[in-house]
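Everything below concerns the one structure shown next.
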Amino acid sequence: MADQPGVLMFDLVKTIRAFLDDVAPAPGDILYSNAVTACSLLAHLADEARHERDCTVCGTSFTLTAGQVAWFQSRSYQLPRRCGKCRRANLRAEGRPALS
């Protein structure tokens, strides 16, 4: 799964955060500037990794965040085709509990 862009980006964010927590480089340090540059790049990638979709039931446009995309991809799930409101309505119609 690591070759999928959303999962890879999610892993990079975790790695950089762990690095900053463990090493705590000083602001003038080259490691600090590299970490800041990497975080800026990841923020840009996160914006690009958002998926704008149209609900197949109601036609409403909804957005999946990079974290949501990574979560679905890491479990080999297809990305949702229904918006959150329609997904919850579908679960209730099937008699399954739906989170609010």
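The values are calculated or read from the model by the stated rules, or taken from the named source; none is laboratory data. Please read all numbers here as calculations on a predicted model, not as lab measurements. Methodologically, a virtual Cβ is constructed for each residue, glycine included, from the backbone with ideal geometry; neighbour enumeration extends over all protein chains shown.
The residues of segment 51-100 that are small (Gly, Ala, Ser), within 22 Å of ASP11 (Cα to Cα) and modelled with pLDDT of 90 or more amount to a single one, SER76. Among the residues of segment 32-50, is any modelled with pLDDT under 90, acidic (Asp, Glu) and either touching a Phe, Trp or Tyr at 6+ places or on another chain (Cβ under 7 Å) or surrounded by fewer than 15 Cβ atoms within 10 Å (Cβ to Cβ) (or both)? Checking segment 32-50: at least one residue is modelled with pLDDT under 90, acidic (Asp, Glu) and either touching a Phe, Trp or Tyr at 6+ places or on another chain (Cβ under 7 Å) or surrounded by fewer than 15 Cβ atoms within 10 Å (Cβ to Cβ) (or both). Taking segment 15-31 only, how many residues are modelled with pLDDT under 75 and assigned to a helix (DSSP H, G or I)? Here the count works out to 9.
The set of residues in segment 48-84 that are out of contact with any strand residue (DSSP E or B) (no Cβ under 9 Å at 6 or more places or on another chain) and of a type outside the set (A, V, I, L, M) comprises GLU48, THR56, CYS58, GLY59, GLY67, TRP71, GLN73, SER74, ARG75, SER76, TYR77, GLN78.
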